[in-house]
Amino acid sequence: MKNIIVIALLLVVGFYLVDSFNYIKFGDNRLGAPSDEKTVGAYYLNNTVEKTGVANVITAIIVNYRGFDTLGEVTVLFLATTGLGSILYRRRKEGEHEERVTKESSYLLQTGSKILFPFVILLGIYVFIHGHLTPGGGFQGGAIVATGFLLMLIAYKNFKLGHNQLTWVESLAGITFVSIGMWGLITGGTFLENSFIPKGTLNSLFSGGIIPIIYIAVGFKVAAELTGVLDILLSIKPSKIKK
Amino acid sequence: MEILKYIGIGLVLLGSIFLLLGAVGIYRMPDVYNRLQAGTKATTLGAMSLILGVGFMEPEWLVKTLILVIFIGIANPLSSHVLARSAYKNNQMPIIKNGIDAYKKINDSEKSEEN
């Protein structure tokens, strides 16, 4: 019985593989130059700006055409953070996470990072808010924000991060992403359909429908996750590392 | 406007000379601290004057380049200070010819405070 199911599954998979390979001719250049109308790249370059109202084609592809893939990436990051937290959780129970690995830093570094910290955070937020207009986006901006927190974690030995707040930010951002995607289903389209918010004028901050909202959510999520990872990794007891 | 352009070209030239000297210094200097000095002091001035020169050549970008220059002015000396301090704390001894190690006393007192 089991073998029959396996054979049936293999047949289904094989049928669709052969079917799609039949559809694309051998050696057919489907990722070629934008001047060639048949190719995928030409389709995206010619239609993206008109259909999504986003000036940055790469962002439109990542968040809209391949929005499901981006959701998967965010989930992978979330799973990695959760895994790290669960591996190191047992040690925290024994009270070994109170101290940070880093030594007391100099006054120069403390003062300098106090000055630089708001600007680093500002840059990160700028990058993910303008994800649909300029290079960069949610992942890059979130990483920059996490760098700012890393600076503070290294400079101040007693810098405390609220883990509850981090979890809340992360969960709310994830819920925003998924519920915006579901709203597309409710309004009668497909998952992550970009149709229920007006697209606005091209090349302005409020344009592109759901794309900037999703990228801002991704930015918050990535920032919270990476900051949590850094905090977990930096607060293992020093004696454990030396020996 | 022509004068501004020539000032900009001069600044870019100055900056590239300093960056070149910094690169030679990293290759030529004997120990960590001398290399840090060549690698960060020269690049601080080099990068600052290069970026400011670009700002003079294109006056529309002057404000942005000034912000960049201020950022480099804060961040670059700070990072070189941190690198040198952590190198000393990890027992990278400098080459000392006259036997004076001014940081040793401070480092020892900090160590005794920690323990």
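The values are calculated or read from the model by the stated rules, or taken from the named source; none is laboratory data. All figures in this text were calculated on a predicted structure; none of them were measured in a lab. FYI the Cβ positions are ideal-geometry reconstructions off the backbone, even for glycines, and counts take in every protein chain you see. These area figures cover heavy atoms from the full protein model, side chains too; ligands, DNA and RNA do not enter into them. Shrake-Rupley method; radii C 1.70, N 1.55, O 1.52, S 1.80 Å.
Of the residues A:Thr111, A:Thr82, only one is open to solvent by 50 Å² or more (accessible area, probe 1.4 Å) and either modelled with pLDDT under 85 or within 11 Å of chain B (Cβ to nearest Cβ) (or both); which?
A:Thr111
Among B:Gly8, B:Gly39, which is surrounded by 13 or more Cβ atoms within 10 Å (Cβ to Cβ), more than 16 Å from the chain's Cα centre (by Cα), at pLDDT 85 or above and not acidic (Asp, Glu)?
On inspection, the qualifying residue turns out to be B:Gly8.
Rundown of residues vs (1) outside any helix (DSSP H, G or I); (2) open to solvent by 90 Å² or more (accessible area, probe 1.4 Å); (3) over 19 Å from A:Glu193 (Cα atoms), yes/no style:
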| site | (1), (2), (3) |
| --- | --- |
| A:Val6 | no, no, yes |
| A:Leu10 | no, yes, yes |
| A:Gly14 | no, no, yes |
| A:Phe21 | no, yes, yes |
| A:Glu37 | yes, yes, yes |
| A:Gly41 | no, no, yes |
| A:Tyr44 | no, no, no |
| A:Thr48 | no, no, no |
| A:Ile58 | no, yes, no |
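Quick check, is A:Ile62 open to solvent by less than 80 Å² (accessible area, probe 1.4 Å), in a helix (DSSP H, G or I) and β-branched (Val, Ile, Thr)?
Yes, satisfied.
Which one is least open to solvent (accessible area, probe 1.4 Å), of the residues in segment B:63-115 that are among the acidic types (Asp, Glu) and under 15 Å from A:Ser106 (Cβ atoms)?
B:Glu110
Determine whether B:Ile67 is out of contact with any Gly (no Cβ under 9 Å at 6 or more places or on another chain) and within 14 Å of another protein chain (Cβ to nearest Cβ).
Working: out of contact with any Gly (no Cβ under 9 Å at 6 or more places or on another chain): yes; within 14 Å of another protein chain (Cβ to nearest Cβ): yes.
The answer is yes for B:Ile67.
Quick one: A:Val54 ticks every box in (1) in contact (Cβ under 8 Å) with a residue 24 or more places away in the chain; (2) not small (Gly, Ala, Ser); (3) not in a loop (DSSP other than H, G, I, E, B) except a single one, so which number is it?
Single failed check for A:Val54: (3).
For segment A:225-232, check the following and say yes or no: at least one residue is among the small types (Gly, Ala, Ser), closer than 30 Å to A:Ser105 by Cβ, in contact with a Ser or Thr (Cβ under 7 Å, 6 or more places away or on another chain) and at pLDDT below 90.
yes
Restricting the first residue to segment A:114-125 and requiring it to be away from every other protein chain (no Cβ under 11 Å), which pairs with a second residue that is open to solvent by 30 Å² or more (accessible area, probe 1.4 Å) meet a Cβ separation below 8 Å and a spacing of at least six or different chains?
That search, which allows pairs on different chains as well, returns A:Phe117/A:Leu151; A:Gly124/A:Ala143; A:Gly124/A:Ile144; A:Gly124/A:Thr147.
Residues checked against (1) at pLDDT 80 or above; (2) surrounded by fewer than 14 Cβ atoms within 10 Å (Cβ to Cβ):
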{"residue": "A:Glu170", "(1), (2)": "yes, no"}
{"residue": "A:Gly174", "(1), (2)": "yes, no"}
{"residue": "A:Lys199", "(1), (2)": "no, no"}
{"residue": "A:Leu205", "(1), (2)": "yes, yes"}
{"residue": "A:Pro212", "(1), (2)": "yes, no"}
{"residue": "A:Val218", "(1), (2)": "yes, no"}
{"residue": "A:Lys221", "(1), (2)": "yes, no"}
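Among what's in segment A:137-164 and is within 19 Å of the chain's Cα centre (by Cα) and open to solvent by less than 10 Å² (accessible area, probe 1.4 Å), pick the residue that is nearest to B:Leu83 (Cα to Cα).
Of everything passing the filter in segment A:137-164, A:Gly148 is nearest to B:Leu83 (Cα to Cα).
Taking only segment B:96-114 into account, find how many residues are of a type outside the set (D, E, K, R) and within 12 Å of chain A (Cβ to nearest Cβ).
Residues in segment B:96-114 being of a type outside the set (D, E, K, R) and within 12 Å of chain A (Cβ to nearest Cβ): 3 in total.
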